[in-house]
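One structure is given below, encoded as structure tokens.
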Amino acid sequence: LIDGDIAGYTPYDTLLLTGYATIIDGTKTRTGTYTYDEYGHRKLVTTVNNGNEYIERYTYTVGAWNYWTSRLIEIKSYYSDEWYFSSKEERVIDSNRRLSVQKIYGIAEGTGNIYLYREKHFDHSHGLTDDEYDRTSYGYCVKDVTYNSDGSIYSSYEYVWFEPAQNYVLKKSQTEYSKKEATFGSDYVTYKSYSLTDNGTAMLEEEETHYFGNK
């Protein structure tokens, strides 16, 4: 409930989950408890699985309207007293209380360094949402970039509103081995798809045109 709420909290007239139990053949094999801060943000999640306790700790930076703009999740396992990084998310909320930018951080394997893993930008100009978020408050994702731990781009997609289509259409995309670029006409979009070699050379593989007018 809370994770899917753009406000980052649940209204006071809504019940918050405080605990659960998994029971198999009359025996509790897994239990969990939840606590919340004064804003209704999730604070601690304690899970006991087969007698072993795991705790997730949530630390927030709260901005206007009590919406959180930064959330750090750390975890502590039964075999250690130390807290370890699990994930981090930063958000930009616009003046209409809608999500405009979302940044997700991960941890690099081997080095353990925290890095920007994914970045999304949302547009609210046309009242549409993308397939992943069925909420107007999230808008349409017009930019989605996934990064490697060294800062290079693993994949990226950008969309723009195209009036003849009355929809958002792909502007450009890129992965490690391919890319697609669009050229816009009065009522059509022409895409060129390239394969990328190891030395960065782009080889044209395909070209196609999409018409949105009376043609």
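The values are calculated or read from the model by the stated rules, or taken from the named source; none is laboratory data. In this text, all values refer to a predicted model and were calculated from it rather than measured experimentally. Because the Cβ atoms are built from the backbone with ideal geometry, glycine has one as well, and the counts that use them run over all protein chains shown. These area figures cover heavy atoms from the full protein model, side chains too; ligands, DNA and RNA do not enter into them. Shrake-Rupley method; radii C 1.70, N 1.55, O 1.52, S 1.80 Å.
Within the stretch 80-90, restricting attention to residues that are in contact (Cβ under 8 Å) with a residue 24 or more places away in the chain and not polar (S, T, N, Q), which residue is farthest from Lys120 (Cα to Cα)?
Within the stretch 80-90, the first condition is being in contact (Cβ under 8 Å) with a residue 24 or more places away in the chain, and the residues that meet it are 83, 85-86, 88.
Of the ones still in play, those that are also not polar (S, T, N, Q) are 83, 85, 88.
Details: Trp83: 28, Phe85: 22, Lys88: 14 Å.
That would be Trp83.
Set side by side, the residues Glu205, Glu176 differ, and just one is in contact with a Lys or Arg (Cβ under 9 Å, 6 or more places away or on another chain) and of a type outside the set (Ser, Thr, Tyr), which is Glu205. The one condition from (1) over 27 Å from the mean Cα position of the chain (by Cα); (2) surrounded by fewer than 16 Cβ atoms within 10 Å (Cβ to Cβ); (3) on the phi < 0 side of the Ramachandran plot that Ser152 does not meet is (1).
Of all the criteria given as (1) open to solvent by 40 Å² or more (accessible area, probe 1.4 Å); (2) at pLDDT below 95; (3) not small (Gly, Ala, Ser), the one not satisfied by Glu90 is (2). Applying a threshold of 8 Å to beta carbon distances and a minimum spacing of six or more residues, or different chains, the list of pairs starting in the stretch 154-166 at a residue that is in a loop (DSSP other than H, G, I, E, B) and ending at one that is open to solvent by 60 Å² or more (accessible area, probe 1.4 Å) and aromatic (Phe, Trp, Tyr) is empty.
Rundown of residues vs (1) in a strand (DSSP E or B); (2) aliphatic (A, V, I, L, M); (3) at pLDDT 90 or above, yes/no style:
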site	(1), (2), (3)
Thr22	yes, no, yes
Gly32	yes, no, yes
Thr35	yes, no, yes
Tyr39	no, no, no
Val45	yes, yes, yes
Arg57	yes, no, yes
Trp65	no, no, no
Arg71	yes, no, yes
Ile75	yes, yes, yes
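Under the condition of being open to solvent by 70 Å² or more (accessible area, probe 1.4 Å), hydrophobic (A, V, I, L, M, F, W, C) and either in a loop (DSSP other than H, G, I, E, B) or more than 17 Å from Gly151 (Cβ to Cβ) (or both), the residues counted in the stretch 97-129 number 0.
Determine whether the stretch 52-60 contains at least one residue that is loosely packed, with under 14 Cβ neighbours inside 10 Å and closer than 30 Å to Asp144 by Cβ. Looking for residues that are loosely packed, with under 14 Cβ neighbours inside 10 Å and closer than 30 Å to Asp144 by Cβ, one finds none in the stretch 52-60, hence no. Residue count for the stretch 143-153, restricted to those that are modelled with pLDDT under 95 and not in a loop (DSSP other than H, G, I, E, B): 1. Annotation note: of Glu74, Glu89, Glu38, the sole residue that is charged (D, E, K, R) and closer than 24 Å to Val142 by Cβ is Glu89. Summed over the stretch 158-179, the residues that are of a type outside the set (S, T, N, Q) and under 19 Å from Lys120 (Cβ atoms) give a count of 9.
Can you tell me which residues in the stretch 105-138 are within 22 Å of Asp94 (Cα to Cα) and at pLDDT 85 or above? Break it down stepwise before answering.
Going residue by residue through the stretch 105-138, those that are within 22 Å of Asp94 (Cα to Cα) are 105, 116, 118-138.
Passing the criteria: Tyr105, Leu116, Arg118, Glu119, Lys120, His121, Phe122, Asp123, His124, Ser125, His126.
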